[in-house]
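Remarks on the structure that follows.
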Amino acid sequence: MADEATNADLMSKIVSLCKRRGFIFPSSEIYGGINGFWDYGPYGVRMKRAIEKLWWHEMVETRDNVEGLDSTIICHPTVWKASGHLDQFSDLMTDCRDCKSRFRVDQMPDPTTCTNCGGKNLTEPREFNLMMKTFVGPVFDDEHMAYLRAETCQPIFVDFNSVRVATRQKLPFGIAQVGKAFRNEINPRNFTFRSREFTQMEMEFFCRGAEGMQWFEYWKEQRINFYRKKLGFTDDFFRIYVHEKLAHYAKAAIDIEVKFPFGWGELEGVHHRGEWDLSQHGKYSGQDLQYFDHDTGERFMPTVIETSVGLDRMFLALLSRAYDEDTADTCKEGQDQDVRVVLRLPATVAPVQVAVLPLSKKLNEHAMNLYNKLNNYFRSEYDVTGSIGKRYRRQDEIGTPFCLTFDFESETDNAVTVRERDSMKQERVAIPELRDYLEEKIGF
RNA sequence: GCGAGCGUAGCUCAGUUGGUAGAGCAUCACGUUGCCAACGUGAUUGUCGCCGGUUCGAUUCCGGUCGCUCGCUCCA
């Protein structure tokens, strides 16, 4: 119980910090907000882009057999018929206000009576579909209805042949995409964890059916290594959930779950989807999406291994892991307690990687020169306002790993003090060596 | 979608038994200091979530609505 209370407390501290420092705040807040939508502020967008860049580099730029794609959010409506998104969850449902049960109206013996408790206190039958609707063209009728994509992977399947032909890729190869997806979630919850507009980072890897399990294991390991090595996740923070109940088309599936303040939650899925998606799109489009192997003369439907992660969830996972409160010693007199809020973010994703802080306003000119140089290579920030200690704390709160203090000796010895966020230790580094020094510490 | 709780400054919250509001922190300026939330002086900030009703008068009472949190439900 005490643990749960602490965690709920942690969640509200994170939400509060996000609002205060401009990481994330509610969309349309001056109008009272809109449920399930969140805006990323100045620091938030820096960090979000850094995470995306890290993923893209890992999944696309360092691999010859993975190609990128940026498809539209609105697709031909039949895409969602083929994928099964339109048929499922488009049933009429009713809720019993007395016993809180929910029923499909077409399955009730008597649609006016609760099947469970016999009560008559039912809500009006409503259509449940998690896809967001819109209209293409100025006429709002069924003919012109379209949907915002519920996941970024379907357009990858749809464009599979075009990508294959254009890039002359042979199996096995993958297609990756980062982009917005939309779901009319019944109940958005837990800050940005479940929202109605979100960003996915997905990769579909196409291979021969016989090699499917082998690639499934490969990508599972790759993704786990990414969290361990690139984001520093440890075994107490994430775990693997193996699906026992699989979708009818799937051969294997795991989720990578993370310890959020509200409990364990899915961060990424690695799924063996078999031939299902390409077969469906082949069937509905009438196009032959089979792969022809020139060496063996075989024609077959590729098997798909998917890695799918929510960017917003990775963002929230990083914040959950990074948030910490120190009770560090203070050097100032007259302070009983010094609680320091610090985000121990990996330097690669920190919104500000380097802060340049002149000890005095009199040092403005030269310190500003240093800042302008470093800002070409690192996400940097300059701050002269307030005492040096206060500025360190401001940077701690947004997770800046390195603060460079430009002091009265800097102009003569051509060096600055580098103060490290987590240890608060300081080191004197010559200005000409700063770039190499920081690049080595920050990494990609 | 159902139920419960909540909504006052950027953040955390106090307050008004109905007479349009305060604190701490934060922010800004000047002075001072010069490596871990220093100090002094001064300054900025709210349609008390939104709409409506009752009332001479509503931030306060009532209704609705929007949003947040928790539980149930849902999560293809």
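If you average the sequence gap of Cα pairs under 8 Å that are 6 or more apart and divide by the length of chain A, what percent do you get for the contact order? Walk me through the numbers before you get to the answer.
Details: 785 pairs, mean separation 55.7, N = 444.
Rounded, it is 13 percent for chain A.
Quick check: pseudo-label points 7 Å beyond the Cα along Cα→Cβ at A:Asn184 and A:Asp142, how many nm apart are they?
Inter-label distance under the simple model: 1.6 nm.
Which one of A:Leu404, A:Leu434, A:Leu148 has the biggest mean-square fluctuation once chain A is modelled by GNM with Cα springs under 10 Å?
A:Leu434
Sticking with the crude label model, points 7 Å out along Cα→Cβ, report the distance from A:Asn375 to A:His57 in nm, one decimal please.
2.2
For helix A:42-56, report the angle its Cα long axis makes with the longest principal axis of the Cα atoms of chain A; keep it between 0 and 90° and round to the nearest 10°.
For A:42-56 against chain A, the angle is about 60 degrees.
Just need log10 I(q)/I(0) for the range A:344-444 at q = 0.18, 0.20 Å⁻¹, Debye formula, equal scatterers on the alpha-carbon atoms, no solvent, rounded to two decimals.
Values, matching the q order: -0.76, -0.96.
Once the principal axes of the Cα atoms of chain A are found, what is the range along each, listed largest first in whole angstroms?
Its Cα atoms span 82, 66, 47 Å along the three principal axes.
Report, in deg cm²/dmol and to the nearest 500, the calculated mean residue ellipticity at 222 nm for chain A, where each DSSP H run with n ≥ 4 adds -39500 (n - 2.57) and the sum is divided by the residue count.
Calculated at 222 nm, the ellipticity per residue is -8500 deg cm²/dmol.
What three numbers, in Å, describe the spread of the alpha carbons of the range A:189-335 along their principal axes, ordered from the longest?
The principal-axis extents, from largest down, are 82, 32, 27 Å.
Give the angle, between 0 and 90 degrees and rounded to the nearest 10, that separates the Cα long axis of helix A:311-322 from the longest principal axis of the Cα atoms of chain A.
It works out to around 40 degrees.
In Å and from the alpha-carbon atoms only, list the Rg and Dmax of the range A:294-413.
Cα radius of gyration and Dmax of the range A:294-413 are 22.3, 82 Å respectively.
Rolling a 1.4 angstrom probe over the protein chains, ignoring ligands and nucleic acids, what is the accessible area of A:Arg164 in square angstrom, nearest 10?
Rounded to the nearest 10, that gives 60 Å².
Can you list residues from other chains, or at least 5 along the same chain, whose modelled amide H is less than 5 Å from the amide H of A:Leu231?
none
Would you mind checking the tilt of helix A:212-225 against the longest principal axis of the Cα atoms of chain A, expressed as 0 to 90 degrees and rounded to 10?
The angle comes out at about 20 degrees.
Round to the nearest 0.05 the FRET efficiency obtained for A:Glu420 and A:Ala250 when R0 = 51 Å and r is the Cβ-Cβ distance.
So the FRET efficiency works out to roughly 0.65.
The values are calculated or read from the model by the stated rules, or taken from the named source; none is laboratory data. These numbers come from a predicted model, not from an experiment. Every residue, glycine as well, gets a Cβ built from its backbone with ideal geometry; the counts of neighbours run over all protein chains shown. Please note that ligands, DNA and RNA were not included when accessible areas were found on the heavy atoms of the full protein model with its side chains. Shrake-Rupley method; radii C 1.70, N 1.55, O 1.52, S 1.80 Å.
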